[in-house]
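See structure below.
The values are calculated or read from the model by the stated rules, or taken from the named source; none is laboratory data. This structure is a prediction, so every number in the text was calculated from the model and none was measured. With ideal geometry, Cβ positions are generated from the backbone for all residues, glycine too; neighbour counts draw on all protein chains shown.
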Amino acid sequence: MPIDKTMQKSLIKALKSGSSNQLNFAFEKIFQEYSGLIYHIVLTIIQNKDTAEDIVMDTFTKFFENIPNLDPTRNFKYWLTTTAKHLAIDSYNKKNVRTVSMDEDTVISELITDQSSPWKELLNELSSVLSENEIDVLSLHLIYRMSFREISEYKGVTIHSISSLYRRSLMKLKNYYKDGNLE
């Protein structure tokens, strides 16, 4: 039997009751009802059965830890699916991040000398318009997905300096291509 609003309120009441029997019954009911849905959502994102199973468990662990904060008027199915989706995306992003060696003089020199880099041709063209520092900031933000805060920490300058440099670089590129320098 699906969990409707009335049953949800009674399950939340049971979860918060303090009775271990009621807590176990309610949690088991919620797990049985939604674990398949959560698994399907996560597997769609992750594409790995073992990792998907781990994320389902992590989702229900977070749910269990948040029992005191549950609001009986809010749909916990939404909470579960949203939490699972965020955990899956985080896991996917962690596994698909390319590690960058920050010991090099500049990231751009690493990209340009890497013959397999799909960015090589574009970065060579950009070097005729932008300074090496401007290309570094653009590369770190757009290619390596670093935040302005991360870039500022790496470069040892303020976030404002990075965001200003980024904005000026984009304006230079806009003007360059606006002036008919398209290939």
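Quick notes on this structure:
Conditions tested, residue by residue: (1) at pLDDT 90 or above; (2) closer than 30 Å to Glu153 by Cα; (3) in contact with a Gly (Cβ under 8 Å, 6 or more places away or on another chain).
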residue: Met7; (1), (2), (3): no, no, no
residue: Lys13; (1), (2), (3): no, no, no
residue: Lys16; (1), (2), (3): no, no, no
residue: Tyr34; (1), (2), (3): yes, no, no
residue: Leu37; (1), (2), (3): no, no, no
residue: Val42; (1), (2), (3): no, no, no
residue: Thr99; (1), (2), (3): no, yes, no
residue: Met102; (1), (2), (3): no, yes, no
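- Check on Gln8, over 26 Å from Tyr92 (Cα atoms) and polar (S, T, N, Q): yes
- Note on region 59-83: residues that are surrounded by fewer than 17 Cβ atoms within 10 Å (Cβ to Cβ), part of a helix (DSSP H, G or I) and either of a type outside the set (Lys, Arg) or modelled with pLDDT of 90 or more (or both) amount to 9.
- Number of positions in region 19-52 that are within 20 Å of the chain's Cα centre (by Cα), surrounded by 15 or more Cβ atoms within 10 Å (Cβ to Cβ) and part of a helix (DSSP H, G or I): 9
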